[in-house]
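The values are calculated or read from the model by the stated rules, or taken from the named source; none is laboratory data. Values in this document were obtained by computation on a predicted structure and should not be read as measured data. Neighbour counts run over all protein chains shown; Cβ positions are idealised from the backbone, glycine included.
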Amino acid sequence: MKIKDIRLIPLAGSTSEGGWEAEIAADDNLHTLVEVITDEGVVGLGSVYTSLKLVEGSVSVLLPQLIGESAIEPARVSEKLHQSTFWQGRGGAITHAISGIDIALWDIFGKVTGQPISRLLGGRYRERIKPYGSLLMTEPEELPDRLGPAVERGFKAIKMGWGPFGRFSGQKDEAIVRAARDTVGPDVELMVDAGGSDRFWPHGYKWALQRSDMLCEYDVVWFEEPLRPDDLAGYVRLTENARLPIASCEVLTRRQAFQPWIEQRAVDYIQPDVTKVGGLTEEYRIAQHAYEHSILFVPHGWNTAVGLAADLQLVAAIPTARWVEYITPAPYIEDLVDAPFELDDEGFLEIPDGPGLGVRWNSDGVRKHSGLELTPSDL
């Protein structure tokens, strides 16, 4: 079975708030779906955390390496793409585009073999996982209206991030966390994401250590991105001295970029994004390397239903995985799936066990956000 074509489907019109000072316009495109179409009529679906224009340019570079290649050897083909783009790739839009292609190739491999991707990665350690509802922070008095619906939906873990946290005062930061804890109650896990990869992040090690102490008073599970994303030395020091786990690395791409963070134990929880990092192939390798160094793998999932489906396969295949990120509310998740993801009474999601990504897609939802139709697949 050979690769015949690559087709791109831009999603627009419902981009989630990102926490940036100047919000992305509603009709802008930050996520692009990727179809890998084979010569035998089987189609795989992937997702890229990059706009259509950048993915188009990247695919034009990658296409000569793809057409006619095997459609059922995702790890080898993806490595070929990385190795063949050492001048133009090694991160950025090229690696993001490889992410979507790689996910789609694994989807094809699973469809052809009749197996979920997690089993092809080596086996399933679990059949369900706890999702944490992921949403943006706001002013303390507004948090009940933002967090309450997530609790009512059944989330037993909630992460709030970015927004005003770290931008005004220690009193404001604590008021936000206090309001969040009062809203969700003592039995819901609460995580805090400072958003240190936001532009012009002003804080360093001492601020992060002080805030981590405050967060401990509210039983916060982890403190995410308290420092700038390239401050490796700062993270090493903070992770060693903070009383609660430190999480980061959502902006990194390629497994090689993660090696110093893992080997120097710069974080307790590492957060690659499958739609940026190079796809399932790269993320699985990162997760295994982290596992060997007793660092917990928590996939970053501020993307689409395709990214969430890939993450569910990944967390099934990693021995120590405990959570998966789930944006809420999120049209690019809810509208793209044929059957909604359902949380059980304990707040867990069942991990799909169907072939490939294991999810049936909603053509109407894809059309709603792209104006395009999915390509029919023979499997």
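If V366 passes every condition in (1) crowded, with 20+ Cβ neighbours inside 10 Å; (2) assigned by TED's automatic domain parsing to the domain that holds G234 but one, which one does it miss?
The single condition V366 does not satisfy is (2).
Inside the range 26-48, can you point out the residues that are in contact with a strand residue (DSSP E or B) (Cβ under 6 Å, 6 or more places away or on another chain) and more than 13 Å from D107 (Cβ to Cβ)?
N29, H31, T32, D39, V48 - these are the residues of the range 26-48 that are in contact with a strand residue (DSSP E or B) (Cβ under 6 Å, 6 or more places away or on another chain) and more than 13 Å from D107 (Cβ to Cβ).
Among the candidates S84, S118, which residue alone is among the small types (G, A, S) and surrounded by 17 or more Cβ atoms within 10 Å (Cβ to Cβ)?
On the way: S84 fails: surrounded by 17 or more Cβ atoms within 10 Å (Cβ to Cβ).
Just one listed residue meets the conditions, S118.
I need a count of the residues in the range 369-379 that are aliphatic (A, V, I, L, M) and crowded, with 18+ Cβ neighbours inside 10 Å.
1
Take the residues in the range 346-379 that are free of Cβ contacts under 8 Å to residues at least 60 places away in the same chain and in a loop (DSSP other than H, G, I, E, B); name whichever of them is nearest to I158 (Cα to Cα).
V359
Answer yes or no: is there a residue in the range 177-192 that is of a type in the set (D, E) and within 26 Å of P340 (Cβ to Cβ).
Going residue by residue through the range 177-192, those that are of a type in the set (D, E) are 182, 187, 189.
Checking which are within 26 Å of P340 (Cβ to Cβ) leaves us with 187, 189.
Within the range 177-192, one or more residues are of a type in the set (D, E) and within 26 Å of P340 (Cβ to Cβ).
Name the one entry in L232, L190, L238, L215 that is in the same structural domain as G133 (by TED's automatic domain parsing), within 22 Å of the chain's Cα centre (by Cα), surrounded by 23 or more Cβ atoms within 10 Å (Cβ to Cβ) and modelled with pLDDT of 95 or more.
L190
Quick check on my filter: what residues within the range 186-207 are part of a strand (DSSP E or B) and hydrophobic (A, V, I, L, M, F, W, C)?
L190, M191, V192
Residue check: is T281 polar (S, T, N, Q), closer than 16 Å to E325 by Cβ, touching a residue at least 60 places away in the same chain (Cβ under 8 Å) and buried (at least 24 other Cβ atoms within 10 Å of the Cβ)?
No: the conditions fail for T281.
For the range 338-354, which residues satisfy the criterion of being surrounded by fewer than 18 Cβ atoms within 10 Å (Cβ to Cβ) and either touching a helix residue (DSSP H, G or I) at 6+ places or on another chain (Cβ under 7 Å) or of a type in the set (S, T, N, Q) (or both)?
P340
For the condition in a helix (DSSP H, G or I), in contact (Cβ under 8 Å) with a residue 12 or more places away in the chain and under 25 Å from Y326 (Cβ atoms), what is the one hit in G57, G122, G163, G148?
It is G148.
For the range 218-229, how many residues are surrounded by 16 or more Cβ atoms within 10 Å (Cβ to Cβ) and of a type in the set (D, E)?
2
For I108, work out the one condition from (1) under 19 Å from the mean Cα position of the chain (by Cα); (2) surrounded by 17 or more Cβ atoms within 10 Å (Cβ to Cβ) it doesn't fulfil.
The failed condition is (1).
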